[in-house]
Structure formats: structure tokens, C-alpha cells
1. Please express the shape of the range 1-51 as an equivalent ellipsoid: the semi-axes are the square roots of 5 times the eigenvalues of the C-alpha gyration tensor, given largest first in whole angstrom.
2. Taking the Cα centre of the range 1-138 as origin, work out the dipole magnitude from +1 charges on Lys and Arg Cβ and -1 charges on Asp and Glu Cβ, in debye rounded to 20.
3. Which sequence of His47, His126 reflects their accessible areas, 1.4 Å probe, from the largest down?
4. Lys/Arg Cβ at +1, Asp/Glu Cβ at -1, dipole of the range 48-87 taken about the Cα centre: which of Leu56, Val81, Val68 is farthest positive-ward?
5. Where Rh is the Kirkwood radius over the Cα pairs of the range 40-125, the temperature 37 °C and the viscosity 0.692 mPa s, what D in µm²/s does Stokes-Einstein return?
6. Using just the alpha carbons, could you tell me how many Å³ per residue the convex hull of the range 1-146 encloses?
7. Take the alpha-carbon positions of the range 64-114, form their convex hull, and give its projected area averaged over all directions (one quarter of the hull surface) in nm².
8. How would the range 90-137 be classified by its alpha-carbon gyration tensor: rounded, prolate or oblate, with rounded meaning a/c under 1.5 and the a/b versus b/c comparison settling the rest?
Amino acid sequence: MLGSWKKSLQYAYYNHGVISRVNAERQVSWIIVDLSLTHIQEKQVDHKLDQMLNGLNRLFKYKRIKQVTLGYFRMLEVVKVGDWYQPTIHLLLPMIKSYFQGRYYIKKDEWVSLWARSMDQEPDEHFNVSITSLNEKECTPEMMRSMEDGLAMLADMPEEASFKGTNPFSTRRLVGYSRLLKEHLVKEESDISYGVAQYLINDSIANQAFHIMKDWHLGLWISESKQSYT
């Protein structure tokens, strides 16, 4: 359901399990990348979404990206603040084990350059890229509490609960999995266990990823307070 915070939170828990399954089988590195455009007019949104999604497909065909990525989970979010829109592609990326070492590492400036190239445009002040590296040393008690609190909210939230908003983007797939992450999907991705003990809470990478993904919003998010434009 477009604009459903409940569905977004379910994906955060589901992906916690996917990350744990991947980590149990092999050693990989993990990063989260957000690709955003800011201050987009309503009449430009459809065109920009097409441009971004087509650009994403080209981005992952570039040798520099292809040789270090093992797949992705992507979520499309469009934030509306006042009269402006900010479309964002959130990416959870498993990388080769040696990604953070030596020549394989991609700095932020290069991510920006490659994504701009994939969209056939020059980066400007409305062109944002955010990168977060996940590591085993960053798990905190706050991250564990956020998992417990989120499960309690999901258990109490009615199925029809959603934020206001129409669905001008219904023809696009709002989420997608590829390669390694797709291989580790379970059959019923909507099945969520409401007990934190059912999750591999000793997986600090999965806990960190959840702590970030819980704040993503699937589809259109109408906000008067979210500070999206930076």
C-alpha cells in the first residue's frame, strides 16, 4: 500500500532476516546508499522517477559498481514537503568482502559522478548521495530497543493503517531485490514474527541496517515537518 508506514516497517524486519541469512553463509561487507533529487516540481516527478530508475539499471552495469556489488534491495520513497517533492532510491548493498580495502573502495565523489553519468546529467545542488557503512562495532542498546518497540507497534497497528496520500506512482515497482539478496528471500516475505527472540539479534550488521531502514517510507510520504531538503 502506497504511503503505508506499516509496510515499510515490515520490510525493515524482513530485511533483517535476509541480512542474517546472508551473513550466516558467507563473509560480505554492507553499505547503505541513498540517491536523491531535491526540490522537484510535481509536474516533473514522473519524468524524474523514470530517469532515476533507468539510471539505476545503468549504474549497476558499470564495471566499477558491478565488480564490487553482490546485489541489492531497493525501496522507492517520494517525500512531499509543501509544494516540493524529493524522490529517493534507498539501497541496501552487500559488497565483496574486500570492498573497504584498497582499490575496490568507492568514495562518495565517485558514487556521485557515476550516478550522474548513469542519468546523463551533471550533478548540482539538488543532486544528493548519502552513504552509510555498516560495521560490527556500531550496534547499540538503542538499536535493540528500536526493534522491540517496532514489533510492539506492528502487533497493535490495524492492517488498514496508512498515511494520507494518493498513488500517482502506482505503475512502478516500489521495491526490488537482485542477485545475492534475491537468493536469500523466503517464500512469504510478509510473514513477520512479533517476538524479538525470533531474530538473530547477535548480528550487529542486521541490527544497524534495521535501525536505518525503519525510517524509510515506501512510496509517497506527505510531511510538513520532515527535514528532507539539505
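The values are calculated or read from the model by the stated rules, or taken from the named source; none is laboratory data. Small disclaimer: the values here were computed from a predicted structure and weren't measured. Note: ideal-geometry Cβ built from the backbone for every residue, glycine included; neighbour counts use all protein chains shown. Keep in mind that these areas ignore ligands, DNA and RNA; they rest on the heavy atoms of the full protein, side chains included. Shrake-Rupley method; radii C 1.70, N 1.55, O 1.52, S 1.80 Å.
1. Values: eigenvalues 194, 54, 13 Å².
Here the semi-axes work out to 31, 16, 8 Å.
2. Numbers: 19 positive and 15 negative charges, 146 e Å.
That gives the range 1-138 a dipole magnitude of about 700 debye.
3. On the way: His47 115, His126 65 Å².
Sorted by accessible area, descending: His47, His126.
4. Toward the positive end, the furthest listed residue is Val68.
5. Values: Rh = 14.2 Å.
Approximately 231 µm²/s, per Stokes-Einstein.
6. On the way: hull volume 20.4 nm³, N = 146.
Normalising the Cα hull of the range 1-146 by residue number yields 140 Å³.
7. Details: hull surface 17.8 nm².
With every direction weighted equally, the projected area is 4.5 nm².
8. Details: a/c = 2.50, a/b = 1.86, b/c = 1.35.
Taking the square roots of the gyration eigenvalues as a ≥ b ≥ c, the range 90-137 is prolate.
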